[in-house]
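Working notes for the structure below.
The values are calculated or read from the model by the stated rules, or taken from the named source; none is laboratory data. Here the structure is a predicted model, which means the values were calculated and not measured. Cβ sites come from the backbone with ideal geometry, for glycine too, and all protein chains shown count toward neighbours.
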Amino acid sequence: MQIRAIRKAAYAAVGLTAAVALVGSIVSAAQVVGAALSCAVVALAVVVRSEADLAARRHADAERRLLGAVRASRRVTSRTETKVARALTRLRRSARTQDRLLQAIRTAARTVDDQQVSADLARQDLQRSLAGVERRAAYIESVSRALKTSVERLPGTVSNLSTTRSALETDPRPMPVPGGWAATAATIDYLVDLVRSDAAVRNVVECGSGTSTVWVALALRARGADGHVYSLEHDAYYASQTRAELAAHGLEDRATVIHAPLESSRLDDHSSPWYSEAAWRELLPDEIDLLFVDGPPGTTGADARYPAVPRLEHRLHAGSVVVLDDTDRSEEQRVRDRWVERARESRFALVVERTIDRSTVLAVERR
C-alpha cells in the first residue's frame, strides 16, 4: 500500500513538473527544469529507500526462518545421532551375545566330538579286550586239553623220562617234568635224542625257557662235545627260575637264559610284540643248528610265535632244524603255514618233516 502511494506521489510530481514546464514561459526554462529534476530525484530516492528497507526486512525474516530450520534440523540430527548410537550399542551387545553363543556352540560341539572319540576309543578297547579274552579262553582250553592228554599219558611219560634220564647220566636231583605248560615228554625225548645223536647240533636257541632248557643242556653235557643252549625269556621271574634250575644241576656252562622283554616285532606283516632285539643281538650265535619255538605265550598277541623265523632266518642254514611246539592249536598251525609260505621267497626252503605229539618238526633245506 505504501509503495502505491509513493508511486502516485511520484506521478503527481511528474505532472507537477509538466505544469511547471508550461509556466516556463514566464520563468526561466533552466530553473523550471532544474526544480523538476530535483523533485524527480527526491521521489526516486524515496522509492529506492523504501524498496531497500522492504528487501532488508524480507532478508531478515528469511534468515530467521533459515536459522530456525537449521536449529530444528540440528535438534533432529542430535536426536537421530542419539538413537543411532543407542542402536549401535544394542547391535554391539547383540553381536557380543551372538559371539558368546557361537563360542558356547563350538565348545559344545567339541565336547560332543571328544565324547564321541572317547566312546570310539572305549569301544575299540572293549573290542580288543574281548579279543584278548577270547584268545586267552582258547589258549586255556588248549592247555586244558594238553593237561588232560598229559595225565592220560602219564604212565608212558614216566617210563620214557626214566629211560631218557638213565641214558643221560645219574643225577639224584629231580628233573623238571614235561607236559602241561611245558613241552611234552615226546617232544623232550626228540630234542634230547637229536642233540645226543647229532654232533653237528652245537648251537641251540629256544624261544621260551623252562623244562626243555634244562633237558637240552643236560643232553649237551652228556654228549661231551661243544654245545650250548640259548634261551630267550620275556618274563624276568621265569628267567630267574630257569637259571636257578640250571644252577641246581650244574648246567650254567651249557645254557644261557637271556631276559628279553617284549617289544615291537619290527615286521611289516606282523603286529604282535616279540623279544627285544637289543637283549639278544650280541648274545645269540651267528649260526643256529636247532631252533625250538615255545614262546612267547599266545596271550601276548595274535600269532605270537610267528616272528621267530623272520627275525632269526639270517642265522639259520641248510641242515638247521626248527621245532614249533603246540601245533595242535589253530594259531600255531597258522604260524607254521606262514613260515612255509614265507620261505618260498627266501634263500632256503622250510619243509615240514614230521609231527611229534603236539609239536611240528621243520627242516631247513637249500634251494
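Numbers for the structure displayed
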item: First in the stretch 246-260 and not assigned by TED's automatic domain parsing to the domain that holds Ala278, second anywhere and in a strand (DSSP E or B), Cβ under 6 Å, 6 or more apart; result: none
item: Scan of the stretch 340-358 for residues that are of a type in the set (A, V, I, L, M, F, W, C) and more than 20 Å from Ala183 (Cβ to Cβ), ordered by number; result: Val340, Ala343, Phe348, Ala349, Leu350, Val351
item: Exclusive hit being of a type in the set (Asp, Glu) and touching a Pro at 6+ places or on another chain (Cβ under 6 Å), set Glu252, Glu282, Glu277, Glu263; result: Glu263
item: Test: residue in the stretch 318-327 that is surrounded by fewer than 23 Cβ atoms within 10 Å (Cβ to Cβ), at pLDDT 95 or above and either outside any loop (DSSP other than H, G, I, E, B) or not assigned by TED's automatic domain parsing to the domain that holds Ala183 (or both); result: yes
item: For Tyr139: the one exception among (1) in the same structural domain as Ile356 (by TED's automatic domain parsing); (2) modelled with pLDDT under 90; result: (1)
item: Filter result (charged (D, E, K, R) and in contact with a strand residue (DSSP E or B) (Cβ under 8 Å, 6 or more places away or on another chain)) within the stretch 278-312; result: Glu287, Asp289, Asp294, Arg305, Arg311
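The rows are residues; the columns are (1) surrounded by fewer than 19 Cβ atoms within 10 Å (Cβ to Cβ); (2) at pLDDT 95 or above; (3) more than 20 Å from Glu287 (Cβ to Cβ).
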{"position": "Val205", "(1), (2), (3)": "no, yes, no"}
{"position": "Thr211", "(1), (2), (3)": "no, no, yes"}
{"position": "Val216", "(1), (2), (3)": "no, yes, no"}
{"position": "Ala222", "(1), (2), (3)": "yes, no, yes"}
{"position": "Val229", "(1), (2), (3)": "no, yes, no"}
{"position": "Glu233", "(1), (2), (3)": "no, yes, yes"}
{"position": "Ala236", "(1), (2), (3)": "yes, yes, yes"}
{"position": "Gln241", "(1), (2), (3)": "yes, yes, yes"}
